[in-house]
Amino acid sequence: MKTTEPGLSGGGHLAAKPTDDDEAGMDRLSALPNSVLLHILAGLGDAATAGRTSVLSSRWRRLWALLPELRFVPLSPEPGLIASALAAHEAELRHLDVTTQDAAPEPVAAWLRVAARRLSGILVFTNQTLMGRDDDADADGEGRSAFDERPRRRGAARDDVDVDDAQGPGAFELPCLDRATSVSLDLGRLGLTVPRAGAFAQLTELSLSRARLPVGGGGPCTLGDAVSSRRCPSLQTLTVSDAWGLDELTVHSDSLRRMELTRVRDLRRLAVVAPALEHLQVLACFYNHWQRRPIATITARQLKVLKWGDLFDRRSVQLGKMKHLRKVCLDLFFVYAFSPNQGCLELLRCFNNIQKLGLTLVYPPEINNKPCLLKDMKMLPGVTVLNLDLISNGHAFGASLFHVLRLCSGTRKLTLHISSNSLEEQTACPPGCICDEQQDWKFEELLLNHLQEVEITELRGSEHEVMFVKHLLIWATELKKMTTFFNSLVTESMARKSYQILRRFSRREICMEF
């Protein structure tokens with residue numbers, strides 16, 4: 001009877017033990033299940049890197065084609081290669097991210113048509129343009145005024161502005177992405193049309209940026225028709241920014257909850273019927289035609305937040321009933337100017353009760369003999385949360401803030417952002433400027449016995465800033481907390497000195513954070 005000893009083969013011979021070289025040559029990684037290998041490939045970051053793993057072994061050759069997410073970033077290969085890669089891909093795509101540079105419309109349309117057959121999730125496309133060709137667009141951040149993306153000056157935009165620059169390289173048609181859930185297109189001035197037929201049945205978010213859209217509703221179909229309920233029954237968020245050519249936009253949507261239009265430069269007419277809409281922003285869209293009245297009809301009974309940083313005329317802009325409105329952000333209010341802030345004041349008169357108010361006060365760099373327009377602002381009813389953005393250009397602003405706070409004496413929370421490009425700008429007010437002549441506010445009484453929280457950002461510690469904060473601490477008899485963020489150019493010693501000055505005027509129970 002034959003026995004097998006450890007280390008022996010069945011015939012009694014010594015079995016060969018694997019050497020270190022044998023161990024090193026074994027492909028243990030390829031022996032892992034597909035789910036693990038796909039997880040590894042997904043962590044490589046982009047589709048090109050994942051595709052290059054096919055040289056490892058035949059086991060890896062088609063693995064990349066099973067990835068549920070493809071990212072052609074930071075800069076994709078030739079658009080034709082993107083189409084080929086997508087055609088070879090075999091799995092459903094939950095996420096597709098493509099970045100190109102100065103792409104032409106034809107190859108973009110080609111890979112989008114291929115992607116439409118597999119995409120069942122998120123599409124992100126960014127077409128970068130050469131340095132210096134993009135407009136300087138600032139992002140709107142939370143806690144800041146909604147109008148950081150305001151025009152450089154009122155009336156600066158003209159009907160012929162950026163016409164040559166906005167022509168772009170051509171247009172392509174967006175295919176009907178019937179299973180996409182979110183689409184974000186930053187087109188770098190490429191033209192875009194939407195298909196006449198088909199539904200974006202599962203689309204919940206659509207964002208269009210730096211796009212040229214058909215003038216007068218030309219092309220196969222209007223944007224408004226494509227995003228309305230008939231063809232986009234699940235759409236909840238619509239964002240259009242830095243767009244050209246769209247002079248009319250009509251949206252009828254039962255599902256839409258958030259709509260943001262920012263610098264839709266050629267807009268003349270806007271109509272929105274959205275019973276579920278809660279947030280609407282219209283910012284710097286009608287300025288290109290500032291000599292004409294803006295024409296808009298908004299029917300949104302559930303609206304809670306209205307950010308209107310644009311021209312406004314009650315004779316041509318109909319807002320309808322907004323019983324649930326809680327927050328309103330206005331256009332720029334010029335403290336000194338020859339022309340009145342008519343649109344801003346008219347919008348305020350549309351509402352009897354505003355809980356949250358966003359307001360931007362602007363001082364021109366040179367006041368000269370311009371009249372002070374603060375007296376035109378006479379009523380800010382029911383405000384409990386006040387967000388003030390102040391563009392002071394170095395001028396003393398205490399009188400302006402005193403006037404606004406007196407109108408909003410029921411305010412419970414105040415946020416104040418002092419906008420300026422540099423510390424030098426903030427101290428550039430010339431000697432004898434008329435802003436220093438309005439000093440009566442320092443000697444008038446003001447009771448802010450509802451104010452409990454104050455947040456100030458970009459404080460520079462100038463004399464008139466410290467003077468205002470000192471008085472604010474006196475007026476706010478029930479203040480519980482004050483948080484102050486200094487400008488990055490302010491030295492630690494300057495900030496400490498300002499803190500010590502203000503602390504002397506603060507009550508012990510106030511929590512002061514600097």
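The values are calculated or read from the model by the stated rules, or taken from the named source; none is laboratory data. Quantities reported herein were computed from a predicted structural model and do not represent experimental measurements. Using ideal geometry, Cβ is built from the backbone for each residue, glycine included, and neighbour counts are taken over all protein chains shown. Just so you know, the surface numbers come from the protein's heavy atoms only, side chains and all, with ligands and any DNA or RNA stripped out. Shrake-Rupley method; radii C 1.70, N 1.55, O 1.52, S 1.80 Å.
Any idea which residue in the range 319-339 is modelled with the lowest pLDDT, counting only those that are open to solvent by 20 Å² or more (accessible area, probe 1.4 Å) and within 23 Å of residue 263 (Cβ to Cβ)? I'd like the intermediate steps shown before the answer.
As a first pass, look at the range 319-339 and keep what is open to solvent by 20 Å² or more (accessible area, probe 1.4 Å): 320-324, 326-327, 334, 338-339.
Cutting the leftovers down to within 23 Å of residue 263 (Cβ to Cβ) gives us 327, 334, 339.
Values: 327: 94, 334: 93, 339: 81.
By that ranking, first place goes to 339.
Anything in the range 235-275 that is closer than 11 Å to residue 224 by Cβ, modelled with pLDDT of 95 or more and outside any strand (DSSP E or B)? List them, or say none.
Result: 253, single match.
Could you tell me which numbered condition residue 90 fails, if it satisfies all but one of (1) surrounded by fewer than 18 Cβ atoms within 10 Å (Cβ to Cβ); (2) at pLDDT 75 or above; (3) under 20 Å from residue 206 (Cβ atoms)?
(3)
Which pairs have Cβ atoms under 6 Å, sit 6 or more apart or on different chains, and link a residue in the range 288-300 that is among the basic types (Lys, Arg) to one that is part of a loop (DSSP other than H, G, I, E, B) and open to solvent by 10 Å² or more (accessible area, probe 1.4 Å)?
Listed by first residue and then by second, the contacts come to 293/313; 293/316.
Could you check residue 268 against (1) more than 16 Å from residue 185 (Cβ to Cβ); (2) open to solvent by less than 10 Å² (accessible area, probe 1.4 Å) and say which number it fails?
For residue 268, the exception is condition (2).
Return only the number of the condition from (1) under 27 Å from residue 339 (Cβ atoms); (2) modelled with pLDDT of 95 or more that residue 278 does not satisfy.
For residue 278, the failing item is (1).
Would you check which residues across the range 351-375 are part of a loop (DSSP other than H, G, I, E, B) and closer than 21 Å to residue 325 by Cα and list them? Talk me through it step by step, then tell me what you get.
First, the residues of the range 351-375 that are part of a loop (DSSP other than H, G, I, E, B): 351-355, 363-371, 373.
Residues satisfying the conditions are 351, 352, 353, 354, 355.
Checking residue 242 against (1) open to solvent by less than 30 Å² (accessible area, probe 1.4 Å); (2) without any contact (Cβ under 8 Å) to a residue 40 or more places away in the chain: exactly one of these is not met. Which one?
Of everything listed in (1) open to solvent by less than 30 Å² (accessible area, probe 1.4 Å); (2) without any contact (Cβ under 8 Å) to a residue 40 or more places away in the chain, residue 242 misses just condition (2).
Matching residues to (1) at pLDDT 50 or above; (2) within 27 Å of residue 291 (Cβ to Cβ); (3) charged (D, E, K, R):
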{"site": "124", "(1), (2), (3)": "yes, no, no"}
{"site": "135", "(1), (2), (3)": "no, yes, yes"}
{"site": "151", "(1), (2), (3)": "no, yes, no"}
{"site": "156", "(1), (2), (3)": "no, yes, no"}
{"site": "163", "(1), (2), (3)": "no, yes, no"}
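Any residue that is open to solvent by less than 40 Å² (accessible area, probe 1.4 Å), at pLDDT below 80 and either more than 30 Å from residue 356 (Cβ to Cβ) or not in a loop (DSSP other than H, G, I, E, B) (or both) - is there at least one of those in the range 207-214? Don't jump to the end; show me each part of the working.
Our first condition is that a residue be open to solvent by less than 40 Å² (accessible area, probe 1.4 Å); within the range 207-214, this holds for 207-211, 213-214.
Still in the running and at pLDDT below 80: 214.
Within this subset, residues satisfying the condition of being either more than 30 Å from residue 356 (Cβ to Cβ) or not in a loop (DSSP other than H, G, I, E, B) (or both) are 214.
Taking every residue of the range 207-214 in turn, at least one turns out to be open to solvent by less than 40 Å² (accessible area, probe 1.4 Å), at pLDDT below 80 and either more than 30 Å from residue 356 (Cβ to Cβ) or not in a loop (DSSP other than H, G, I, E, B) (or both).
Out of curiosity, is residue 378 among the basic types (Lys, Arg), assigned to a loop (DSSP other than H, G, I, E, B) and over 27 Å from the mean Cα position of the chain (by Cα)? Outline the logic, then answer.
Details: among the basic types (Lys, Arg): yes; assigned to a loop (DSSP other than H, G, I, E, B): yes; over 27 Å from the mean Cα position of the chain (by Cα): yes.
Spelling it out, residue 378 is indeed among the basic types (Lys, Arg), assigned to a loop (DSSP other than H, G, I, E, B) and over 27 Å from the mean Cα position of the chain (by Cα).
Identify the single condition in (1) at positive phi; (2) crowded, with 21+ Cβ neighbours inside 10 Å that residue 368 does not satisfy, given that it satisfies every other one.
Unmet for residue 368, out of (1) at positive phi; (2) crowded, with 21+ Cβ neighbours inside 10 Å: (2).
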